[in-house]
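Enquirer: The structure is given below, and queries will be raised subsequently.
Nothing in this text is a laboratory measurement; each read-out follows from the coordinates by a stated rule. Quantities reported herein were computed from a predicted structural model and do not represent experimental measurements. Neighbour counts are summed over all protein chains in view; Cβ atoms, including those assigned to glycine, are modelled from backbone coordinates with ideal geometry.
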Amino acid sequence: MSAPNILFITTDHLRSDTLGYAGDEVIQTPAIDKLASESVRMNNCFVQNPVCAPSRATFMTGRYPKNHGVRWNGSRLSENEVTVVEHFKKHGYQTACVGKHHIGQEKFQKHLDHTTASGIRRGWSERADGDYTVHDPNPFEQYVRDQGYEYKTGYALPNFRANLGAVPSDLPEDCHIDAYVGMKSIEYLEELEGDDPFFLWAGFYGPHHPYVPSGRFATMYDPDQLPPFQNAADDLEKKPVEYSLYFRSEEHKFKGFLEASDETYRNMKAAYYGMVSQIDWQVGLLLDTLEKKGLAENTVVVFLSDHGEFLGDHGIPAKAPFLLDCMLRVPCLIKVPGQGAKDCDALVESIDLFPTLSHLAGIDTPECVQGHDLKPVWDGTDSGRDCVFAEAVDKRCIRTREWKYIHYPGKTYGELYNIVDDPHELNNVYEEEVGVRNEMKERFYLQMDATEDFKHPRYHRYTDQHPDTGDEVTHYMIW
């Protein structure tokens, strides 16, 4: 068989539990559920950062944020870093990105043969005069205008802040930003030429806020019929002070969310669910196109989110700069031609996708990649990781199957959760479980060592044998 095509589908802000196959009895996601029924389901996949740019730089490079340098939104990826797109391009693949990528690296862009629908979500800031007129429409906004409508988002939407960003749209379905990404992805597949395999990154913008489902998806969900929020009376009291300060911040996009009513939160969640189902529809159309083109039998399909979100849990809307599972645990499906569907419950990091895709394509993985090939894990010949690691500028964490330890560098407090007894991390036992805390802290420092970067692509290394023991020793040259 020739080298497989790669269809890499990503969403933004999609929780691991808000999908039908994952157990949500309300959400309607038939296309993603069908994909799951044909895929290896990585049920314990964690991203290494809870916000977009660093998380995407991480799964694109297979390296941790502390090593590739994109620590938070607004940072650019170093030109020295190698992305999976560049790697596959150099091994004979046609490369394309449709929709959101959020990779600020010129080299990444240069290794794309085709790109469209990137940067089309306008990031409006709040204006005192309330004038959000668009005088320079981007291609998506112009497309909507050509259909006879005007696309609005952010503070241009009515009562945007008071509604926690949930303002269902009265536009038709095909004027939704993710419908546009789906349409352009399908166009790419339909216009493919040549015999070279393709690597297509289809990056949907949702269900990132603003929550603006349209058409039938705008009113698909009854706010009173949704799963309950995960909250507890003393939850925030036992968490570090950073949580309460976050609630009080005047710079938060949804300033004042502490006073939002339960009804407002439920309406927000219903709109989010509508966005998820709207993306699901587009995923179905995209996968149908693979079938119609005769490409499905030789295409590896990956479905992933860059991170999750709070969605009202712990009283917080949207995403927040914390390292709880609702932010870090993401859906991860890998459909491999000839590979049967199965559940894989091993602990997995997003950095593992680069080497896994390289293996499936029959190409070597760059030495600087820190992830591990997942095929031996789902085949059962490798037990996988015993813990996962994540970071958020001023916080770090490790998570095992039983415990989550969140380290606050230079501070005398932190977070510790018993994941088995408290899966929603509502009871911080950092002060009570001192013995476990100390064990996890020691393990954390060992993990920090284990995730250091000794094989950066620009490091000039020299390796020789120890004269006494014969052990291999590597050190670094200055030129």
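Enquirer: Residue by residue through the range 203-216, what is 3J(HN,Hα) from phi via Karplus (6.51 cos²θ - 1.76 cosθ + 1.60, θ = phi - 60°)? Round to whole Hz and write x for glycine and proline.
Expert: Couplings: x, 6, 7, x, x, 3, 5, x, 8, 10, x, 10, x, 5 Hz.
Enquirer: When the chain is fully extended, how far beyond the present Cα-Cα distance does Tyr413 get from Asp382, taking 0.36 nm per residue of separation?
Expert: Full extension from Tyr413 to Asp382 adds 7.6 nm.
Enquirer: Something else about it: Any cysteines in the chain with zero other Cys Cβ atoms under 4.7 Å from their Cβ? List them, or say none.
Expert: Cys52, Cys97, Cys175, Cys326, Cys344, Cys368, Cys387, Cys397, each lacking another Cys Cβ under 4.7 Å.
Enquirer: Using alpha-carbon pairs under 8 Å, 6+ residues apart, how would you state the relative contact order of the chain in percent?
Expert: Values: 935 pairs, mean separation 115.3, N = 479.
Contact order relative to length: 24 percent.
Enquirer: Another question, if that's okay. Could you compute the net charge surrounding Ile186? Neighbours are other residues with a C-beta less than 11 Å from the C-beta of Ile186; K and R count +1, D and E count -1. Present the calculation step by step, with values, prior to reporting the outcome.
Expert: Details: positive: Lys184, Lys292, Lys293; negative: Glu187, Glu190, Glu191, Asp288.
So the environment of Ile186 carries a net charge of -1.
Enquirer: How about the range 120-151: which GluC sites (Glu not before Pro) there lie in a loop by DSSP and see at most 15 other Cβ atoms within 10 Å? If you can, show how the numbers build up before the last one.
Expert: Numbers: sites: Glu126, Glu141, Glu150; in loops: Glu126, Glu150.
Answer by residue number: Glu126, Glu150.
Enquirer: Which residues' amide hydrogens lie under 5 Å from the amide hydrogen of Ser305, considering only partners 5 or more residues apart or on another chain, with H built in the peptide plane?
Expert: Thr11
Enquirer: What whole number of Å gives the distance from the Cα centroid of the range 421-478 to the Cα centroid of the range 23-92?
Expert: If you average the Cα positions of each part, the centres end up 22 Å apart.
Enquirer: Same structure again: Which ³J(HN,Hα) values in Hz, rounded to whole numbers, follow from the phi angles of the range 461-474 under the Karplus curve 6.51 cos²θ - 1.76 cosθ + 1.60, where θ = phi - 60° and Gly and Pro get x?
Expert: Rounded to whole hertz, the list is 9, 10, 10, 8, 9, 4, x, 9, 9, x, 5, 6, 10, 10.
Enquirer: Next question. Using the membrane-span-like helix rule (whole DSSP H runs, Cα extent along the own axis of at least 18 Å, mean Kyte-Doolittle hydropathy at least -0.5), which helices of the chain qualify?
Expert: On the way: long enough: 177-190 (20 Å, 0.18); 262-292 (45 Å, -0.41); 434-450 (24 Å, -0.68).
Both cut-offs are met by 177-190, 262-292.
Enquirer: Give, in nm to one decimal, the length gained when the segment between Lys455 and Asp196 is fully stretched (0.36 nm per residue of separation minus the Cα-Cα distance). Don't skip to the answer; put the middle values down first.
Expert: Working: separation 259, 0.36 × 259 = 93.24 nm, distance 3.07 nm.
Roughly 90.2 nm would be gained on extension.
Enquirer: Tell me the label-point distance for the pair Asp288, Val473, using the 7 Å Cα-to-Cβ offset, in nm and rounded to one decimal.
Expert: 6.5 nm
Enquirer: Can you list, largest first and rounded to whole Å, the semi-axes you get for the chain by taking the square root of 5 times each eigenvalue of its Cα gyration tensor?
Expert: Values: eigenvalues 227, 185, 91 Å².
Output for the chain: semi-axes of 34, 30, 21 Å.
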